[in-house]
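Visitor: Quick one: structure below, then a few questions.
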Amino acid sequence: MRDVKILALYGSPRRGGNTEILMDEFLKAAETEGAVIDRLYIGDYDITPCRECLACFLDGRCIIADDMEQIYTRLLAADIIVLASPVFFYGVSGWIKALIDRSQALWARKYVLNDPSMGKEAEKKKGFFISVGGTKGPRVFEGAKLTAKYFFDALNAEYAGELLFREIDAQGDIRKLPGALEEARAAGKRLVAESRAEKR
């Protein structure tokens, strides 16, 4: 039975924050199901924003030389990509947004160059989104969710679920919310089981 590989994208600049806590619980449960975890703390990497030069439309490669070069390989190798980010102005954090925008190179492979390894016949990945927002507004997650969905689409990953919690702001607040960590663990187990079942 092939290992299920998870790439965990920690998108908050604050270490030990609420999205990191949720991600860690998700991953602990996924590991009990036999998943192999690759953790990427986005604040530790130098990622230049996309220049929209469209060079990637020629060969699917980005011409900017920075840490994103090694991240492309990790994105493509994963079976499940878990993106965790707090809401910043109704979107994801600037750190993770830079990574997402630079994934335009992978979008180009799929939609401009029609790379068969990224197309309809290619093996599908799964994408999962974890987020917290400090306000209680009914639309607080709309922008971030749309960004996550289109990011996953560029990676040939179906949007397989989400954990979204409102009115979580101060560091560690998520631990005070009944059932939140249990939800994260349940989601981690479920997603690995589903991925493994589809690959049989």
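Visitor: Using the Karplus curve 6.51 cos²θ - 1.76 cosθ + 1.60 with θ = phi - 60°, work out ³J(HN,Hα) for each residue of the range 20-30 in order, rounded to whole Hz, and write x for Gly and Pro.
Guide: 5, 4, 5, 4, 4, 5, 4, 6, 4, 5, 4
Visitor: With θ taken as phi - 60° and the coefficients 6.51, -1.76 and 1.60, list the Karplus ³J(HN,Hα) couplings across the range 176-182 in order, rounded to whole Hz; mark glycine and proline as x.
Guide: With coefficients 6.51, -1.76 and 1.60, one gets 8, 8, x, x, 5, 5, 5 Hz.
Visitor: Output wanted: per-residue J couplings in Hz (rounded whole) for the range 139-152, from phi through Karplus 6.51 cos²θ - 1.76 cosθ + 1.60, θ = phi - 60°, x for Gly and Pro.
Guide: 10, 4, 9, 4, x, 5, 5, 4, 4, 4, 5, 6, 4, 4
Visitor: What is the packing order of peptides 168-180, 136-148, taking the mean over residues of other C-beta atoms within 10 Å and listing the highest first?
Guide: 136-148, 168-180
Visitor: OK, next. Given contacts defined as C-alpha pairs under 8 Å and at least six residues apart, what's the relative contact order of the range 42-200, whole-number percent?
Guide: About 23 percent, as a whole number.
Visitor: Using DSSP, restrict attention to beta bridges with both residues in the chain and report what percent are antiparallel, rounded to the nearest 5.
Guide: Once the DSSP bridges in the chain are tallied, antiparallel ones form about 5 percent.
Visitor: Over the Cα atoms of the chain, what Rg and Dmax result, in angstrom?
Guide: 16.4, 50
Visitor: Given H placed on each backbone N at 1.01 Å, which residues far from residue 125 in sequence or on other chains put an amide H within less than 5 Å of it?
Guide: Here the answer is 157, 158, since their amide H atoms fall under 5 Å of that of residue 125.
Visitor: Which residue, 121, 20, 31, has the most motion in a Gaussian network model of the chain that connects Cα atoms within less than 10 Å?
Guide: Among 121, 20, 31, the largest GNM mean-square fluctuation belongs to 121.
Visitor: Using the number of other C-beta atoms within 10 angstrom as an exposure proxy, rank 58, 76 with the fewest first.
Guide: The fewest-first ordering by Cβ neighbours comes to 58, 76.
Visitor: Also, I was wondering about something else. Would you mind computing, in nm to one decimal, how far apart the modelled labels at residue 183 and residue 136 are, each placed 7 Å from Cα along Cα→Cβ?
Guide: 1.6 nm
Visitor: Return the long-range amide H neighbours of residue 130 (sequence gap of 5 or more, or a different chain), with a cut-off of under 5 Å between placed amide H atoms.
Guide: The answer is 83, 84, 85, 163.
Visitor: Just want the ordering: 46, 3, 67, from fewest to most Cβ atoms lying within 10 Å of their own Cβ.
Guide: Listing 46, 3, 67 from fewest to most nearby Cβ atoms yields 46, 3, 67.
Visitor: Let me ask something additional. Could you work out the per residue convex hull volume over the alpha carbons of the range 29-143, in cubic angstrom?
Guide: Working: hull volume 15.9 nm³, N = 115.
Dividing the Cα hull volume of the range 29-143 by its residues yields 138 Å³.
Visitor: Two-decimal Rg/Rh of the range 6-75 from alpha-carbon positions, Kirkwood Rh?
Guide: Taking Rh as the inverse mean 1/r over Cα pairs, Rg/Rh reads 1.07.
We did not get these values from a lab; they are worked out from the coordinates using the rules stated. Model, not experiment: these values are computed from the prediction. A quick note on method: Cβ atoms are made from the backbone with ideal geometry, for glycine too, and the neighbour counts reach across all protein chains shown.
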